[in-house]
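The values are calculated or read from the model by the stated rules, or taken from the named source; none is laboratory data. Being a predicted model, the structure only gives us computed values, none of them experimental. FYI the Cβ positions are ideal-geometry reconstructions off the backbone, even for glycines, and counts take in every protein chain you see. To get the accessible areas, we keep the full protein, side chains included, count just its heavy atoms, and leave off ligands, DNA and RNA. Shrake-Rupley method; radii C 1.70, N 1.55, O 1.52, S 1.80 Å.
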Amino acid sequence: ALAVSHRGLADTLDYQFRAVAKALDPANLQPRILLADAVGLGKTIEIGMILSELIRRGRGERILIVCPRHVLEQTQNEMWSRFDIPLVRLDSVGVQRVKQKLPANRNPFTFFKRVIISMDTLKQDHFVHDLRRHHWNAVVIDESHNVTNASTQNNALARNLAATTDALVLASATPHNGRRESFAELVSLLDPTAIADPRSYSSADIAHLYVRRHRGSPEVRSEIADR
């Protein structure tokens, strides 16, 4: 049962709790899910609820959130004010503060247990090197449609993180660009064995790995149709 999700500073919406419950299904040894709800339905809230549950269960000691630079501060504030999850922000200012506090050879990811960082900052050489030697309890990659191109550094970093974390949450309101292969690449971060042929698969093959609702979905319309 969900233990603490309902205690966050947010409206109680059953469709969000269903997403959290699916992510934390006991049948999955490692919580792995793509949150693909449409814009405005509360993916950030669902992320906070999932992380809160993992922390409560002793499975969220080390957390990394990767998100676009322009929402770093907003996401950090949401995690703190709504769910009491403190995150160290490693943007350009945060990195300078870290350098002043840590020895040059110290991995900042071992010093700070819970970090929020942008993908652009994460691509800096010293961070890439540090990531290879670090294990996370939970990793969140927001706007994850930006990691679907297998030939990019974004994808390489995402694969590195997927291999070094227990729980993985991908979030994107636009996860599918119309190419089956791109979507298969995204899903393979969650489970490399889920799709045998990236050119031929059905939603049923990966139903356990994603949640996708829009404003017209019955479970959403019944709760927030008047908002």
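I want the antiparallel fraction of DSSP beta bridges within the chain, as a percent rounded to 5.
Here the antiparallel bridges make up roughly 0 percent for the chain.
Order these peptides, 92-98, 117-123, by their mean beta-carbon neighbour count within 10 angstrom, highest first.
The peptides rank, most packed first, as 117-123, 92-98.
How much area per residue is accessible in the stretch 102-184 when the probe is 1.4 Å and only protein heavy atoms are counted (Å²)?
44 Å²
What is the percent carbon and sulfur in the accessible area of the stretch 131-182, measuring with a 1.4 Å probe over the protein chains and ignoring ligands?
Result for the stretch 131-182: 45 percent of the exposed heavy-atom area is carbon or sulfur.
Can you give the Rg to Rh ratio of the stretch 72-199, both from alpha-carbon atoms, with Rh computed by the Kirkwood formula?
0.99
So, with a 1.4 angstrom probe, what is the percent of accessible area on the stretch 34-88 that is carbon and sulfur?
Carbon-and-sulfur percentage of accessible area, whole number: 48.
Aspartates and glutamates within cross-link reach of residue 123: Cα-Cα under 15 Å, excluding same-chain residues under 8 positions apart?
Qualifying aspartates and glutamates at Cα under 15 Å: 91.
For a quick check of understanding: with a 1.4 angstrom probe and all protein chains in place, what accessible area in square angstrom does residue 12 have, to the nearest ten?
That residue has around 90 Å² of solvent-accessible surface.
Match the structure shown to one of the listed values (1) 51, 39, 38; (2) 91, 43, 32; (3) 54, 42, 32 of Cα extents along the principal axes in Å, computed from it, and give that label.
Given (1) 51, 39, 38; (2) 91, 43, 32; (3) 54, 42, 32, the structure-derived one carries the label (3).
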